[in-house]
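Accompanying notes for the structure given below.
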Amino acid sequence: MTKSIGIPRGLLFYNFSPLWSSFFESLGMEVVTTSETNKGIMDKGASKVVDEACLPVKVFYGHVAELAGRELDYIFVPRLVSIEKGSYICPKIIGIPDMVKANIPAKSDFLSPNLNMRAKENHHQFLKEIAELMGENFNRVQKAWRSAMKVQQKYELDLLQGIYPEEVFFKSETLDNSGDLNILLLGHEYNLYDDYINMGIRNKLKQMGCNLITSNQVPKYVQQVESRVLSKRMFWTYGKSLLGTARYFREMPGNKGVVILTSFGCGIDSIVGNMIIRYLGKMKIPYLNITLDEHTGEAGINTRIEAFLDLLRWRREIDENNISAYGEYLGNHQRYAGIYGS
Ligand code: SF4
């Protein structure tokens, strides 16, 4: 009989879902993913988790709770400790298998293999554990993984070219990039691509004339190089990615700004977000920092976005009006130089 496995649509789902789905399908399993996040899912999650948890964790709980009542063989909640050499994932994500198992009684078994590539960059141990937990042949598991990796590589290439996950998952129409402002939308993938969590911010920005760029459109090696500016190497994978992307964005031409999506109660965001804000301040790149939790009001977000975009367009007008007939820039820095006498 075909075995089935449920994959919750939360946390690193947006990073690795093609890999996981294709892997289990190659093993001949039926893969069930939860629907997009909605109020019911979030409320269910929030009622089962400690108050201090960040919104993405609450949402993840809700997705697991959705699967918990279904007749499945497994629910896939891997313990992702490290996904690359020398770095770690967030402590809450590391601990999530124990947290959900303790709080959500499920009809099926949780499949929670350990992925830790901090010391050695290969998946051998992880796959071995999956084979043991599922009673599968190890060679078959390895083969399924190799073919799933190809699907994942194609997905990452699609994201690099500006295609959004839902376009890959649901084959919807590609949004065009014909706006007059270049906006870097910076945040963890579950904040960027879960439209319930971010209140549809990508569509809002698009409708207001923005071209969106995310960290997924910046190659990983560029992010790595850009994040090396710190005196001490950052050991959070996604912190490095966000910082590296923010630094890379300084090269982006045109009228631009950064919208940072952070999660209330997130330790990593409170440190990395602050570093990014300081850096953007130094580079004189305008930014808007939006902190998300389940109480964030959509009307307030709309007002802040509108004001931020007005500011960017106003800056452009000021700058354009300060070019003399001879092409000499008469903008702010000359004026400030006059004021401060330097
Ligand atoms: S990185 Fe931050 S937002 Fe993401 S799960 Fe960890 S605490 Fe939550």
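The values are calculated or read from the model by the stated rules, or taken from the named source; none is laboratory data. If you're wondering where the values come from, they're calculated on a predicted model, not measured in any experiment. Cβ atoms come from the backbone with ideal geometry, glycine included; neighbour counts cover every protein chain shown. The area values use the complete protein model at the heavy-atom level, side chains included, leaving out ligands, DNA and RNA. Shrake-Rupley method; radii C 1.70, N 1.55, O 1.52, S 1.80 Å.
Observations, loosely collected:
- When the helices of the chain are scored as -39500 (n - 2.57) per DSSP H run of n ≥ 4 and the total is divided over every residue, the value at 222 nm lands at -15000 deg cm²/dmol.
- Partner aspartates and glutamates whose Cα lies under 15 Å from the Cα of Lys150, excluding those fewer than 8 positions away in the same chain, are identified as Glu25, Asp158.
- Helix 298-320 and the longest principal axis of the C-alpha atoms of the chain enclose an angle of approximately 40°.
- Ignoring lysines fewer than eight residues from Lys143 along the same chain, the ones with Cα atoms less than 19 angstrom from its Cα are Lys3, Lys128, Lys154.
- Cα gyration tensor shape of segment 24-141, rounded if a/c is under 1.5, else prolate or oblate by comparing a/b with b/c: oblate
- When the Cα positions of Leu27, Thr37, Tyr74 are compared along the charge dipole of segment 4-160, Leu27 comes out farthest toward the positive end, with charges on each C-beta of Lys, Arg, Asp and Glu.
- A Gaussian network model of the chain, with springs between Cα atoms under 10 Å, assigns the largest mean-square fluctuation among Thr291, Thr237, Thr303 to Thr303.
- Cross-link pairs exceeding 26 Å in C-alpha to C-alpha distance, out of Lys44/Lys206; Lys58/Lys101; Lys240/Lys284, comprise Lys44/Lys206.
- 0 to 90° range, to nearest 10: angle between helix 274-283 axis and the chain longest Cα axis: 30 degrees
- Among Lys150, Lys58, Lys44: highest mean-square fluctuation, GNM of the chain, C-alpha pairs under 10 Å: Lys150
- Extension gain for Val225-Tyr196 works out to 7.2 nm (0.36 nm per residue, less the C-alpha to C-alpha distance).
- For the chain, a Gaussian network of Cα nodes joined below 10 Å ranks Gly95, Gly62, Gly162 by mean-square fluctuation, and the top entry is Gly95.
- Multiplying the residue separation of Asn103 and Lys232 by 0.36 nm and subtracting their alpha-carbon distance yields 42.7 nm.
- Cβ-derived FRET efficiency at R0 25 Å, Leu311 paired with Arg250, nearest 0.05: 0.85
- The simple spin-label model puts a point 7 Å past each Cα toward its Cβ; for Ile271 and Gln153 those points are separated by 3.4 nm.
- Approximate spin-label separation Glu30-Thr296, in nm, with each point projected 7 Å along Cα-to-Cβ: 3.7 nm
- Rolling a 1.4 Å probe across the protein heavy atoms gives segment 175-334 an accessible surface of 49 Å² per residue.
- Computed from Cα positions, the angle between helix 138-160 and the longest principal axis of the chain comes to roughly 20 degrees.
- Placing +1 on the Cβ of every Lys and Arg and -1 on the Cβ of every Asp and Glu, with no other charges, gives the chain a dipole of roughly 1100 debye about its Cα centre.
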